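Here is the structure we will look at.
The values are calculated or read from the model by the stated rules, or taken from the named source; none is laboratory data. Just so we're clear, the structure is a prediction, and the values are computed from it rather than from any experiment. In this analysis, Cβ positions are derived from the backbone assuming ideal geometry, glycine residues included, and neighbour counts consider all displayed protein chains. SASA here: full protein model, heavy atoms, side chains in, ligands and nucleic acids out. Shrake-Rupley method; radii C 1.70, N 1.55, O 1.52, S 1.80 Å.
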Amino acid sequence: MSSDFEKLGAFYLGKHHDLKRGETEDSLLLYDSKDLCTHAVCVGMTGSGKTGLCVGLLEEAAIDGIPALIIDPKGDLGNLMLTFPDLEAKDFRPWINADDARRKELSPDEYAAAQADLWRSGLGKWGQDGERIRKLRDSAEVAIYTPGSEAGIPISILSSFAAPPAAVLEDGDLLRDRIASTASSLLGLIGVDADPIQSREHILLSTILDKFWREGRDIDLGGLIQAVQSPPVDRVGVLDVDAFFPQKARYGFAMQLNNLLASPSFQGWLTGVPLDIQSLLYTDSGKPRMAIFSIAHLGEAERMFFVSLLLTQTLSWMRSRPGTTSLRALLYMDEIFGYMPPVAEPPSKRPLLTLLKQARAYGLGVVLATQNPVDLDYKGLSNTGTWFIGRLQTERDKLRILEGLEGISAEGGLNRGELDRVISNLDKRVFLLHNVHESQPAIFHTRWVMSYLRGPLTRDQIKVLMKDAKEPQAEAVVGETPAPVRAVAAAPPVAARKPAAEAAPPPVLPGEIQQFHLSSDDDAPSYEPSLLGLAEVRYMDSRTKKQLHADEYALVLPLEESMLKVDWDDAEESDLDQRDLERDPATGASFGPLPSKAAKGRSYTAWSKSLKDHLYRNKSLDLFKSKAFKLTSEPGESERDFRVRLADKAREKRDLEVEKLRKRHSGKVDTHEERIRKAQQRVEKEKEQAGSAKLKAAISAGASLLAAFTGRKRLSYTTLSRAGTAVRGFSGASEQAQDVDRARETVEALTAQLEEMNAEFQTEIEALDERTDALAEELETVAVRPRKMDVEVHLVGLLWRAE
């Protein structure tokens, strides 16, 4: 089977299935990737093939370079890591289910060999092989994250309480939803079922988060506990804080939160990679990642807590991206039951509804799966563009689906009676596909997946899979509020200084010398002198003359008596801010010796000029440039993020060209089908019955990809089935040689036209693939240098630092 559809952004999900005959046809079921921008729901009972369908969809997304956030409550989506291009028994052996082998009375080695044969055979029947598995592995990385556990890559939730990006802060509704969801999920973790309107705990937490975030300040759990004890506001509504929530009661609430923070079982939530969506979706090199969040080991409250945080972080990430009409990423939930009920309001529901409403504009596709269609908010799912419906367990399940889809199904060409009949007769691995972007629904049989579906993975198995993939993580500090003073560059070793006994009172200096003090926690600190330089460097676009970027610099250079001159090359760059410094020294402080030059005002004027020259000579803004896309990276944009942006642009360009291809070839296929129809009518009229096999083979082989690509977007999803019906009368042999010859000539002419159309189509596909390869491009590095007039020294002064 040709896999050229991969270059078209089409997902190979299976083949069309004739429900009446119970037969799977040869025509491919191709699904446009960008159709997922309007989201999808997959419903099917256990054993319906729902997991296989969704795994297949995720595999296709990975091949197309689409990263995914995958929420896995059952623990079986880690099977996406079990891909074996060589399809050898030894690859399957460590992952087989020993109980299955015993039931079949096979040794583990025999069972592994049988599984390898089964997968090789299954893939072959669906036109797949080890090379396609290798392509899957090369296209995207797969990683398993285990929040609250170190079995996989642990996730730290500390960053989840950081102030959201500007795009969220500027959207009042989005900010309120994020605050409410964060407060509700945290309270759920300590067993408080809080009503956002009635619960004073919820209102107080929301008020604290609102205060910090609107001021652009981050907060961690330790800081949140302190803020509960001493709220940063005087009033809540019109009441004093103590009247609304008495101090004694607040102390009890703070103790509940502190017990959570101090619990040994909670420490796993505080270490690991941060919950940063961009870093989870892409590797450092920009390669897409299938990020699987295995939460089977968590309790119900912990699951809700993590899922809600992940959804709110995803919303924030989404709003920080530019809009797009192409699919950029996927969010997949393997079981939506309990997270989006029709009446209740769990913390996860509001961000999910917001994603379903807004994510389309940002290219984020949401795919939700469930085996329990009864407890779903169908009103919230009404905007979902694609429905995959498989076998259902009970009549109640079917009735609930029919009620939920009644309006949608009538719009898409099936009335309730037809939909009822179709759903009632679905076989295993056979699904009804309703897609608002298609002219009619389709019934299809899912393809064989490339991943080995061995069932849920244990923690030990996850450890084995992720042993080499775990990233070294720094231990997070538990319960510590970020220090208000930013760290300054470390002072030179004490051995290089004179003993504290030689320290003196503060020297008397000219008034034009600006002095600053950076104290320690000591009651009587000993200060040593350093030179402080604060400056700004602006970088301008040489073409537009507009400012691209500006950097603030703080340089600290220790002053030694033995220094002959000041060399800013020896200075340390610091994140020190002038607002962190004090003008007056600490009480009882002593001062180290000051070089004589540092006591003269004119020295600082000269040092200010030399600082400006130093920055002019040494500073530049390095940007990445893509010749292929004629784009340059934004200041501060990493190579990874720039390559991701290029990939998004490439996908947008590809989708536009694919749409042009579809429009251009749809007319050709229509014309050709009309010729087939007329030829069939002519032959039927003359009772000719020849050439059936040859003509049908010509249609199937010559234009299967082209027909599948253009068919359902035009008139019907059964292009090849209709063509086959049109020539079904060509069976047997004609008694008149002249009629047979004429039928043969028609077959040959149609075959030649099909081959010509397909060859043209193949050429266009190959050119399309070459033009859209973004990640392989070698980027240029462009250095933007400042003009001397764009270097501004704010001050050069004397900094006394406590030892």
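Here's the yes/no breakdown for (1) touching a Leu at 6+ places or on another chain (Cβ under 6 Å); (2) open to solvent by 10 Å² or more (accessible area, probe 1.4 Å); (3) touching a residue at least 40 places away in the same chain (Cβ under 8 Å); (4) part of a loop (DSSP other than H, G, I, E, B):
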site	(1), (2), (3), (4)
A151	no, no, yes, yes
S160	yes, no, yes, no
A163	no, yes, yes, yes
L186	no, no, yes, no
V192	no, yes, yes, yes
Some residue of the stretch 218-238 being in a strand (DSSP E or B), more than 30 Å from Q358 (Cα to Cα) and out of contact with any strand residue (DSSP E or B) (no Cβ under 6 Å at 6 or more places or on another chain): yes
Residue within the stretch 64-75 that is more than 22 Å from V307 (Cα to Cα) and modelled with pLDDT of 90 or more present: yes
Residue selected from the stretch 199-217 under the condition of a type in the set (D, E, K, R) and assigned to a helix (DSSP H, G or I), by the criterion nearest to G252 (Cα to Cα): E201
The stretch 539-549: number of residues that are within 18 Å of D613 (Cβ to Cβ) and either without any contact (Cβ under 8 Å) to a residue 40 or more places away in the chain or not in a strand (DSSP E or B) (or both): 0
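Considering only the stretch 328-337, I want to know if a residue exists there that is under 12 Å from the mean Cα position of the chain (by Cα), part of a loop (DSSP other than H, G, I, E, B) and closer than 27 Å to L656 by Cβ.
yes
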Some residue of the stretch 455-465 being touching a strand residue (DSSP E or B) at 6+ places or on another chain (Cβ under 8 Å), at pLDDT 90 or above and of a type in the set (S, T, Y): no
Some residue of the stretch 263-273 being assigned to a loop (DSSP other than H, G, I, E, B), touching a Lys or Arg at 6+ places or on another chain (Cβ under 7 Å), on the phi > 0 side of the Ramachandran plot and at pLDDT 90 or above: no
Flag if T394 is under 14 Å from the mean Cα position of the chain (by Cα) and either open to solvent by 20 Å² or more (accessible area, probe 1.4 Å) or closer than 18 Å to L174 by Cα (or both): no
For G286: the one exception among (1) assigned to a loop (DSSP other than H, G, I, E, B); (2) free of Cβ contacts under 8 Å to residues at least 24 places away in the same chain; (3) in contact with a Leu (Cβ under 7 Å, 6 or more places away or on another chain): (2)
Subset of the stretch 163-185 (residues that are farther than 19 Å from S348 by Cα and under 19 Å from the mean Cα position of the chain (by Cα)): P165, A167
Residues that are surrounded by fewer than 19 Cβ atoms within 10 Å (Cβ to Cβ) and assigned to a strand (DSSP E or B), drawn from the stretch 555-573: E572, E573
Restricting the stretch 31-77 to residues that are out of contact with any Asp or Glu (no Cβ under 7 Å at 6 or more places or on another chain) and of a type in the set (V, I, T), the residue that is surrounded by the fewest Cβ atoms within 10 Å (Cβ to Cβ): T46
Qualifying strands (runs of 3 or more DSSP E) (wholly inside the stretch 353-445; at least 2 residues being in contact with a Ser or Thr (Cβ under 7 Å, 6 or more places away or on another chain)): 430-435
Contacts under 7 angstrom Cβ, first residue in the stretch 599-617 being in contact (Cβ under 8 Å) with a residue 60 or more places away in the chain, partner basic (K, R) and open to solvent by 70 Å² or more (accessible area, probe 1.4 Å), 6 or more apart: Y616/K788
Residues that are open to solvent by 10 Å² or more (accessible area, probe 1.4 Å) and of a type in the set (S, T, Y), drawn from the stretch 508-533: S519, S520, S526
Cβ-Cβ under 6 Å pairs, at least 6 apart or on other chains, the stretch 109-120 side within 10 Å of F84 (Cβ to Cβ), far side among the small types (G, A, S): A116/A89
Test for L118: is it in a helix (DSSP H, G or I), at pLDDT 95 or above, under 26 Å from A647 (Cα atoms) and not small (G, A, S): no
Exclusive hit being free of Cβ contacts under 8 Å to residues at least 24 places away in the same chain, touching a strand residue (DSSP E or B) at 6+ places or on another chain (Cβ under 8 Å) and surrounded by fewer than 19 Cβ atoms within 10 Å (Cβ to Cβ), set E552, E536: E552
Tally, over the stretch 428-462, of residues that are acidic (D, E) and open to solvent by 60 Å² or more (accessible area, probe 1.4 Å): 1
Scope the stretch 584-599; condition surrounded by 15 or more Cβ atoms within 10 Å (Cβ to Cβ) and either in contact with a Ser or Thr (Cβ under 6 Å, 6 or more places away or on another chain) or assigned to a loop (DSSP other than H, G, I, E, B) (or both); matching residues: P585, A586, A589, S590, G592, P593, L594, P595, K597
Given (1) of a type in the set (G, A, S); (2) open to solvent by less than 60 Å² (accessible area, probe 1.4 Å); (3) under 24 Å from V307 (Cα atoms), index of the condition A249 fails: (3)
The stretch 11-39: number of residues that are assigned to a strand (DSSP E or B) and in contact with a Gly (Cβ under 7 Å, 6 or more places away or on another chain): 3
Answer residue from the stretch 601-629, given it is of a type in the set (A, V, I, L, M, F, W, C) and over 30 Å from E512 (Cα atoms) and is surrounded by the most Cβ atoms within 10 Å (Cβ to Cβ) among those: L623
Enumeration of residues in the stretch 630-651 that are farther than 22 Å from A550 by Cα and open to solvent by 40 Å² or more (accessible area, probe 1.4 Å): K630, R645, K649
Qualifying residue in the stretch 333-353 (condition: surrounded by fewer than 24 Cβ atoms within 10 Å (Cβ to Cβ) and under 15 Å from C37 (Cα atoms)): yes
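Quick one: in the stretch 297-332, which of the residues that are touching a Lys or Arg at 6+ places or on another chain (Cβ under 6 Å) and either surrounded by fewer than 18 Cβ atoms within 10 Å (Cβ to Cβ) or of a type in the set (S, T, Y) (or both) is farthest from T146 (Cα to Cα)?
Checking each candidate, the answer is S326.
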Of all residues making up the stretch 18-66, the number that are within 16 Å of the chain's Cα centre (by Cα) and either closer than 12 Å to V430 by Cα or not hydroxyl-bearing (S, T, Y) (or both): 14
